[in-house]
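Just below is one structure, and these are the notes that go with it.
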Amino acid sequence: MNDGLSTIEQQITSDYKYGFTSNLEADQAPKGLNEDIIRFISGRKNEPEWMLEWRLKAYRYWLKMEVPDWANIKYPAIDFQDIIYYSAPKQSKKLNSLDEIDPELRRTFEKLGISLDEQKRLSGVAVDAVIDSVSVATTFREQLGELGIIFCSISEAIQEHPELIKKYLGSVVPMTDNFYSALNAAVFTDGSFCYIPKGVRCPMELSTYFRINAENTGQFERTLIVAEDSSYVSYLEGCTAPMRDENQLHAAVVELIAMDHAEIKYSTVQNWYPGDKEGKGGIYNFVTKRGICAGVHSKISWTQVETGSAVTWKYPSCILKGDYSTGEFYSVAVTNHHQQADTGTKMIHLGKNTRSRIVSKGISAGVSHNSYRGLVSVAKNASNARNFSQCDSLLLGDRCGAHTFPYIEVKNNTAQVEHEATTSKIGEDQIFYCNQRGIDTETAVALIVNGFAKEVMNQLPMEFAVEAQKLLAITLEGSVG
Amino acid sequence: MLQIKDLQAGIEGKEILKGINLTIQPGEVHAIMGPNGSGKSTLAAVLAGRSDYEVTGGSVEFLGKDLLDLSPEARAGEGLFLAFQYPVEIPGLSTINFMKTAVNEVRKYRGEPTLDAAEFLKLMKEKMNLVNIDKNLLTRSLNEGFSGGEKKRNEVFQMAMLEPRLAILDETDSGLDIDAIRIAAAGVNAVRSKENATLVITHYQRLLDYIIPDFVHVLYNGRIVKSGGKELALELEETGYSFLKNEMNIA
Ligand SMILES: Nc1ncnc2c1ncn2[C@@H]1O[C@H](COP(=O)(O)OP(=O)(O)OP(=O)(O)O)[C@@H](O)[C@H]1O
Ligand SMILES: [Mg+2]
């Protein structure tokens, strides 16, 4: 090997390891979007009238909106009439136990490494698995119920806890917020709802695995987490999707609400199909995630490991309204081949003595593009606000790109806002050093990349940190030689 | 165990090694000395399989195998270790983690069972004592922010962990204080055996007081121009390399 970089290129050849399709008979809506489709979705879910009205309002608003084009990403225009907005795996009757689950569905979960067997399940993890649009299994419900914690699908919550849904749904991300949040409000099919009552510390990681399954099905998940005074919850969202030729749209909305002294930790490991080496196929991931630290001394922490999707557009944000509240954003975004990611965060300081911390680690390989876009805003009355941002980029090869777009808006002169950014490359000398110790190049890249991302990985719950490390390694398999 | 025959190598068209001949038997310690830029590190790098160097001629046999045919990691698996003159930094990766991976990869290469966490810790403790290295250093990012001496000491620790058949130490003594040299040498001597050999690259006779070589070679301008016993090192210390130029001119 005389030309290090050509080996770098050579090794960018690994395939998506979770690409497969399972044959679940689907019950789905016809293609396209109109008011009848929205009525169909709402009807399928037995929703109350107010919910249907809410959806229709969002839909009518959406019709007047335009697709955003400010992000540093390129993709063909999406035909919103060419998408199926509702698809549910067919299940004839309610299940009494996990044994009754369609064996095909079970195998799908197994391939993804999700065990629904409570005994086998990593202790302390409750799983609310979402395949396509319907939540098919919920575990640990009773145990949580004893503490007054509600953890169920959003569809169930609409039926059973309408007062909470009416109060909080759309309160952090209004349907009018952006194009995709309006679309989501109109057509969302499922997602999770989580409510932690006053003074309760949720004793386990709550976890949802989302998965796109039926062909041409857009996924419009809606997640809502409310943490009452002095409560705590840690939530993990993880996903992988089957290999596809056609681009699939995903436009989720996640809303978090933390009251006085409450803390919400939201972690994501995202591994959707990124498209093949030529950039064909892959998921379009346009997500709106926002949390509000509504109460004093509240805290919201976002941790994300983004390895998948063809196009990612995602800015988990915190509105720091309560005095002394804290917002955190820890992110690892990996792009390979033709992937594009434009991701970052917004920290909106409204209350006094609010703090925020941003640690973003972008890793680019192949001919991919990885952008960090972050806003730190300090309002006029937000005295003594503090922010620290650290944005590091690691390049593998010289055909990929890393971009940083920090925006800072400070309207109060007691604010302290710090921003640091670095860009580095994996060096041939680092690889050789590892090789000389008997470590092959692929493993060496994994070690170096995981080292680079360590500060963020450390934020993940233990059980998932290992999984996430593997994911980084798989995504970058063969990226450097 | 190592036979280097007429080895020629260069980089970007520039010839650096111009025909090296060197044979090392198990149990032997060889020292290579020579002025700056003479090709000592290049020889070490070529033996370890650094790919930027192009081998243009000659052969190297290591334990019966064609060394030049093996990937760098396979050479390590076969038992070749290089303590780098300039060890690289890997942020976020601790020496412990790095060594756990390395030890197990090498074991896999040899078809030996990998060590679990407890077995690894036991081995690590043993070697830490041997080379007298501080645990804190091993939990920090590999070589990041290490002092010059700490980096070298870390190389000696890694050598002890991997128990190589042939260890090449490229100026491992430079940057070490007197006590550290003694400890490093003790580390080298501790892994010394009838089966293992060591190739020490150094500028200073001092190290050779602690690691007593069987042979000393002088590398100059890409060739070994003089070989002798340990007294050659003493001689060089006194006279320097100026004699080389005269000898070479005559030649
Ligand atoms: N990557 C490179 N590109 C160009 N020239 C190189 C490269 N690496 C080494 N050289 C040259 O090869 C020659 C031998 O270098 P080498 O590092 O092997 O010397 P050395 O004997 O180890 O010296 P020192 O005692 O200073 O460590 C030097 O002239 C050096 O400049
Ligand atoms: Mg040198």
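GNM, chain B, Cα, under 10 Å: largest mean-square fluctuation among B:LEU17, B:LEU137, B:LEU80?
B:LEU137
Placing unit charges on C-beta atoms (Lys and Arg positive, Asp and Glu negative, everything else neutral), compute the dipole magnitude of chain B about its Cα centre in debye, rounded to 20.
300
Rolling a 1.4 angstrom probe over the protein chains, ignoring ligands and nucleic acids, what is the accessible area of A:MET259 in square angstrom, nearest 10?
Rounded to the nearest 10, that gives 40 Å².
Would you jot down the residues in the stretch A:419-433 that end up with at least 40 Å² less accessible area in the complete protein assembly than in the chain alone, with a 1.4 Å probe?
A:ASP429, A:GLN430, A:PHE432, A:TYR433
Counting only protein heavy atoms, what percent of the accessible surface of the stretch B:2-250 is carbon or sulfur at a 1.4 Å probe?
47
What residues in the stretch B:13-52 lose 50 Å² or more of accessible surface when the other protein chains are added to their chain alone (1.4 Å probe)?
At a threshold of 50 Å² (probe 1.4 Å), the residues of the stretch B:13-52 that become less exposed are B:ARG50, B:SER51.
Where does helix B:148-162 land angle-wise versus the long Cα axis of chain B, in degrees 0 to 90, nearest 10?
That helix lies at roughly 70 degrees to the long axis.
Mind checking which aspartates and glutamates have their Cα closer than 13 Å to the Cα of A:LYS167? Skip sequence neighbours fewer than 8 apart in that chain.
Here the aspartates and glutamates satisfying the reach criterion relative to A:LYS167 are A:GLU255.
Helix B:178-191 versus the longest principal axis of chain B: what is the Cα-based angle in degrees, 0 to 90, to the nearest 10?
80
Computed over the Cα atoms, what is the radius of gyration of the stretch A:394-455 divided by 2.2 N^0.38 Å, N being its residue count?
Relative to the rule-of-thumb radius for its length, the stretch A:394-455 sits at 1.64.
Near A:LYS74, which lysines are there with a Cα under 21 Å away, not counting those fewer than 8 places off in the same chain?
Within the straight-line cut-off, A:LYS74 pairs with A:LYS277, A:LYS280, A:LYS314.
Where does helix B:117-131 land angle-wise versus the long Cα axis of chain B, in degrees 0 to 90, nearest 10?
Between helix and principal axis, roughly 40 degrees.
Considering only protein heavy atoms, what is the solvent-accessible area of A:HIS161 at a probe of 1.4 Å, reported in Å² to the nearest 10?
Accessible surface of A:HIS161 is approximately 40 Å².
For the stretch B:2-250, what log10 I(q)/I(0) values come out of the Debye formula at q = 0.07, 0.10, 0.12 1/Å, with one point per alpha carbon and no solvent?
-0.23, -0.48, -0.69
List the aspartates and glutamates whose alpha-carbon lies under 12 Å from that of B:LYS100, not counting same-chain residues fewer than 8 positions away?
B:ASP116, B:GLU119
Which of B:LYS108, B:LYS151, B:LYS18 moves the most in a Gaussian network model of chain B with Cα springs under 10 Å?
Result: B:LYS108 has the largest fluctuation of those listed.
What base-10 log of the normalised intensity I(q)/I(0) is obtained for the stretch A:288-329 from the Debye formula, alpha carbons as equal point scatterers, at q = 0.18, 0.20, 0.22, 0.24 Å⁻¹?
-0.53, -0.61, -0.68, -0.75
Just to be sure I understand: if you take the accessible area of chain A alone plus chain B alone and subtract the pair, with a 1.4 Å probe, what total do you get in Å², rounded to 100?
Numbers: alone 19120 and 12030 Å², together 28950 Å².
Roughly 2200 Å² of accessible surface disappears when A and B pair.
Could you work out which residue, out of B:ASP179, B:ASP170, B:ASP69, moves most in a Gaussian network model of chain B, that is, has the largest mean-square fluctuation with Cα springs under 10 Å?
B:ASP179
Pull up the DSSP beta bridges for the stretch B:2-250 and report the antiparallel fraction as a percent, rounded to 5.
Taking every DSSP beta bridge within the stretch B:2-250, about 60 percent pair in antiparallel fashion.
Too long at a 23 Å Cα-Cα cut-off: which of A:LYS57/A:LYS380; A:LYS470/B:LYS135; A:LYS265/A:LYS346; A:LYS57/A:LYS289? Could you put the intermediate results ahead of the total?
Details: A:LYS57/A:LYS380 34 Å; A:LYS470/B:LYS135 27 Å; A:LYS265/A:LYS346 16 Å; A:LYS57/A:LYS289 21 Å.
Flagged as over cut-off: A:LYS57/A:LYS380; A:LYS470/B:LYS135.
The values are calculated or read from the model by the stated rules, or taken from the named source; none is laboratory data. Predicted model only: the values in this text are computed from it and were never measured. So basically every Cβ, Gly included, is an ideal-geometry build from the backbone, and we count neighbours across all protein chains shown. Remember, those area values only see protein heavy atoms, side chains included, never the ligands or the DNA or RNA. Shrake-Rupley method; radii C 1.70, N 1.55, O 1.52, S 1.80 Å.
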